[in-house]
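The values are calculated or read from the model by the stated rules, or taken from the named source; none is laboratory data. This is a predicted model, so every value here is computed, not measured. Note: ideal-geometry Cβ built from the backbone for every residue, glycine included; neighbour counts use all protein chains shown.
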């Protein structure tokens, strides 16, 4: 087996219209400026794509980018990113997935795959070390993601869309193994290109870091951190992401009845602690992984993946349903159909409330599991009212009215964290590049999980939002799992040996000092350095994160995003909840103005030319 | 109109700033003491380990006075300041700041507070006994000489208790034992 | 002794005496209701007690809207929800509980569910969580020992979660209770003795509690005196209506005392014995009582000494030297239990009650977590609980 030292720097660009492919070489300067993964994918698309292109047209491009760490055996590095212009939001979307396709693509010798054009007939691609072959997918078309993957298993690791993607459901996703490129409607992009699947025949190359000694050293430290940290080694490892239910329900940020309430007395039934005991869960994770948060369990005697927290939040409590078996079944159905469970849950939540208010006529109602399964199938196949629901809550509310309770930002449904119990998360939803995304700055972790920031103030929220956006852009470009940050940031010497209360004071009152004093990104940076052999300083690394974020923002502003679109659903800004004693709404305006100032954006939300110049995005 | 208002004047609820501040400080110390005791006192550890894996305890003063939030999660008992909790497993509510203050000053013992109905509990009362036993151990660890003012039965002085007191008043009180 | 501070509350109208049941329709109409649901259990129905109630409402304008007779031995949340559904379906407007402790607790739970208009009782666990205006509620006790008709607490089990939920709120008190000797006439001697000892335990424990107050003390005194004088008669001669009435009254009075002064170590241990080994509550109380008194003696010697007066009468009290009175009181309780043993076969030790020695450890662990232990004058630790149990184990 041949070896690739560091990175191959070769990206495969495929044109479906002409059925040709070419190889793009990534220059070292782009590597250092954009790290890899998501950042490099954005750069490739920015350089090549017409930003005005229709997301569902042939001009849209989609990039699948395994990161620098993939294949080296770094902890939790089995993840890859995808970047495209989203049909759900009309702006750039990036997504991360832990399926086996990434590893296969990387070990086939490619640092990325860029797909453009559109095919006339259904096709699928087979990628190997020499390039790509186009195959007819007539018999695959219409199959669900599990069947399609079984059929393609002998050719390599597959990336497939389900019926939802084929029918251009705005929140269709792409499956690889039992993991998904969930958000942003990427399945519809492939569906519009008539591309049913991409198969990568890997294991052609072995990936070794440029500096194996320092890599081994840093890997050992990183693994120690993960195994020592209570969040990664206990909460996530034992109960998976469902361990979060206990936090959100007690912090009052669990969405209940389409975000009408922030907690429920019944929510204890869907906590990870209860589910793992009742349904005998076992590990079922990305590979390689050190944290082991993915789970599967026996629901009613049937082995099914345990739903992730957001699924339980949106398809469960958001619909006022607390039956783990039903939620697990819908989760698997969404997976088979190739649909994003978050957006599906958000959309059903809107439909249930609209039915209650008499705007639409359906048999769905809060608290009742009847009809949900049929509704999900209808959405996937665009049958009847399902065709309307396939547009998501934004499309629905524009057609039928009721925009004030359509819980989306820029067209993407909010994730299962109610910002009225976490103001920073409200800001991070509003300004997130891909829409209502919780992973953009993950402020709820600081505010409600670790409680290092007071959730009901606006103080220093803008600073930290910008900081974490930059940092997570780096993490998503490496590409490694975001959960590693629990360990890599809090197990560093200073945070580890300071008390909770001093960290709270530090983060709340002197964010600048803390950002300067603690090198939060040290593990990530050293890992990247050891693999690529390119040296990078702390400020260069964080600058690269900023560059990636601002580039995405810049592309979005050219696609029509302005300050007016950086907002939250009216419900979050005006209505208070039953569970709160005081009236609580998100004071967004105050935080957003500050955020633009810190970011160096103009008041209408565009990156200033001087900022673009400083970051080297535009001349 | 004005004169009537002056004649039949209104009495607004004032605030007991000093007492609230003192209670707040004591609660901070007590919270850190719980956190420390879980690490260094085997009896507290045994009690806490018998609780469910994730467990929320709140001690609060009505109506919105100081609050002490303790969460057992990820194999540790964590003190999280005044974090508001919805649906906490056990909430011990003191009916007024006055009696919380008296309790912190040793003017009233916890059993006295219970007997005089100055507090009430919400939630799972089965574990309330366990929490009170922990509280007794923790207060014994915190308070050296006048322990008897706070709890019913003072355990005999032991070398371990002296050691724990020293650890607590040097490191634990700052929240460094976690 | 006047405590520095105390609270007393009891809002129950008591209708007691021979043919007291005749007042049932009138009392209901006074509350403005005429269509009660009757909650009871199979035992009460088989003993023909429902027929007595039926007789008394004939020709009065009160209709029994529904009769629920499936109450399980442990009042469970399923029974509560079932009754609430029946209540809503049949359009009833008030609740009557006819039966023992579990029936009354179920009825209290039903009242919460209906008044708060909820389907989830879990929310109201704990003290004083209920806020709603309650439905008119009447209790007709048939066992005469629990005193549940005047207490502010209910314990309802949730078999799904395998827990026992405790509820305490003064709002749960019934509007009125009817003590009619006819309702307890059919009770066999064994159960009469056990429930009588249960009531005696309530009275004695409330007198030792840290929440005792002058009002509850008086109630406790009267209850002890009535029980000591009448229980042996009621046990040996079940048809004696005077003795039956006295015991029913004593149980109610003891109930008033302990719902205001709370109970202590005896109940903590007895609850655990009942929970782990399924020994009936009255029997467990009877066995533990003297040992619990002995355990508390160092802290409450004066109170125990004072109890000798109602326990043994003024002659014995006067002839016992002051120092010996406390021990004499405990001895009197022991003798009393022995007498009941002769009359009805009431077990005197845990071994006779069917407890196995290896269970004691678990019982002790449960006992120290029991809510009753908070009101005991002495902190109960594991070794104390196990000490009491070991002493109570063999004769």
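Observations on the structure shown:
- Qualifying residue in the range C:180-195 (condition: touching a residue at least 40 places away in the same chain (Cβ under 8 Å), outside any helix (DSSP H, G or I) and within 14 Å of chain B (Cβ to nearest Cβ)): no
- One residue stands out among those in the range B:31-60 that are in a strand (DSSP E or B) and more than 8 Å from chain A (Cβ to nearest Cβ): the one that is surrounded by the most Cβ atoms within 10 Å (Cβ to Cβ), which is B:57.
- Against the conditions (1) under 23 Å from residue C:119 (Cβ atoms); (2) within 14 Å of chain B (Cβ to nearest Cβ), residue C:7 satisfies every one except (1).
- Evaluation of residue B:156 against (1) in contact with a helix residue (DSSP H, G or I) (Cβ under 9 Å, 6 or more places away or on another chain); (2) farther than 26 Å from residue B:178 by Cα (one fails), failing number: (1)
- Taken over the range A:114-139, residues that are at negative phi and in a strand (DSSP E or B) amount to 14.
- Checked against (1) over 20 Å from residue A:243 (Cα atoms); (2) surrounded by fewer than 19 Cβ atoms within 10 Å (Cβ to Cβ); (3) within 14 Å of chain A (Cβ to nearest Cβ); (4) modelled with pLDDT of 90 or more, residue B:63 meets all criteria but (4).
- Just one residue in the set A:501, A:523 is part of a helix (DSSP H, G or I) and either free of Cβ contacts under 8 Å to residues at least 12 places away in the same chain or within 14 Å of chain B (Cβ to nearest Cβ) (or both); that residue is A:501.
Yes/no matrix, rows are residues, columns are (1) assigned to a helix (DSSP H, G or I); (2) under 22 Å from the mean Cα position of the chain (by Cα); (3) not assigned by TED's automatic domain parsing to the domain that holds residue C:261:
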| site | (1), (2), (3) |
| --- | --- |
| C:7 | no, yes, yes |
| C:56 | yes, no, yes |
| C:59 | no, no, yes |
| C:79 | yes, yes, yes |
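- Residue that is under 21 Å from the mean Cα position of the chain (by Cα) and not in a strand (DSSP E or B), where the choices are C:72, C:3, C:25: C:72
- Only listed residue being more than 29 Å from residue A:484 (Cα to Cα) and free of Cβ contacts under 8 Å to residues at least 24 places away in the same chain, chosen from A:573, A:588, A:514: A:573
- So residue A:240, is it crowded, with 23+ Cβ neighbours inside 10 Å, at positive phi and at the interface with chain B (Cβ under 10 Å from one of its Cβ atoms): no
- Test: residue in the range A:568-584 that is assigned to a loop (DSSP other than H, G, I, E, B) and within 22 Å of the chain's Cα centre (by Cα): yes
- Subset of the range B:157-178 that is away from chain A (no Cβ under 14 Å) and more than 16 Å from residue B:42 (Cβ to Cβ) - its residue that is farthest from the chain's Cα centre (by Cα): B:157
- Test: residue C:342 is free of Cβ contacts under 8 Å to residues at least 24 places away in the same chain and assigned to a helix (DSSP H, G or I): yes
- Scanning the range A:269-279 turns up no residue that is touching a strand residue (DSSP E or B) at 6+ places or on another chain (Cβ under 9 Å), closer than 30 Å to residue A:571 by Cα, assigned to a loop (DSSP other than H, G, I, E, B) and away from chain B (no Cβ under 13 Å).
- Residue among A:555, A:542 that alone is within 25 Å of the chain's Cα centre (by Cα) and either more than 30 Å from residue A:393 (Cβ to Cβ) or within 14 Å of chain B (Cβ to nearest Cβ) (or both): A:542
- Test: residue in the range A:234-241 that is farther than 15 Å from residue A:273 by Cβ and assigned to a helix (DSSP H, G or I): no
- Every test in (1) part of a helix (DSSP H, G or I); (2) within 25 Å of residue B:117 (Cα to Cα); (3) in contact with a strand residue (DSSP E or B) (Cβ under 8 Å, 6 or more places away or on another chain) is passed by residue C:167 save one, and that test is (1).
- Scanning the range B:106-128 for residues that are surrounded by fewer than 21 Cβ atoms within 10 Å (Cβ to Cβ), at positive phi and at the interface with another protein chain (Cβ under 7 Å from one of its Cβ atoms) returns a single hit, B:117.
- Filtered residues of the range A:290-304 (kept if away from chain B (no Cβ under 14 Å), crowded, with 20+ Cβ neighbours inside 10 Å and closer than 25 Å to residue A:486 by Cβ): A:290, A:294, A:295, A:297
- Qualifying residue in the range B:83-98 (condition: in contact (Cβ under 8 Å) with a residue 40 or more places away in the chain, crowded, with 18+ Cβ neighbours inside 10 Å and either away from every other protein chain (no Cβ under 11 Å) or in contact with a strand residue (DSSP E or B) (Cβ under 7 Å, 6 or more places away or on another chain) (or both)): yes
- Single match in C:292, C:313, C:238 (criterion: more than 27 Å from residue C:171 (Cα to Cα), not assigned by TED's automatic domain parsing to the domain that holds residue C:153 and not in a helix (DSSP H, G or I)): C:238
- Filtered residues of the range A:22-64 (kept if under 17 Å from residue A:8 (Cβ atoms), in a helix (DSSP H, G or I) and touching a strand residue (DSSP E or B) at 6+ places or on another chain (Cβ under 7 Å)): A:37, A:40, A:41, A:44
- For the range C:212-247, filtering for residues that are surrounded by fewer than 24 Cβ atoms within 10 Å (Cβ to Cβ) and within 14 Å of another protein chain (Cβ to nearest Cβ) leaves 1.
- Members of the range C:265-290 that are more than 18 Å from the chain's Cα centre (by Cα) and buried (at least 22 other Cβ atoms within 10 Å of the Cβ): C:290
- Residue A:563 fulfils the conditions (1) away from every other protein chain (no Cβ under 13 Å); (2) surrounded by fewer than 17 Cβ atoms within 10 Å (Cβ to Cβ) except for a single criterion, (2).
- Qualifying residues in the range A:567-582 (those that are out of contact with any strand residue (DSSP E or B) (no Cβ under 8 Å at 6 or more places or on another chain) and within 14 Å of residue A:413 (Cα to Cα)) - the one surrounded by the most Cβ atoms within 10 Å (Cβ to Cβ): A:572
- As for the range B:129-149, it holds no residue that is facing another protein chain (nearest Cβ under 9 Å), outside any helix (DSSP H, G or I) and either farther than 26 Å from residue C:208 by Cβ or out of contact with any strand residue (DSSP E or B) (no Cβ under 8 Å at 6 or more places or on another chain) (or both).
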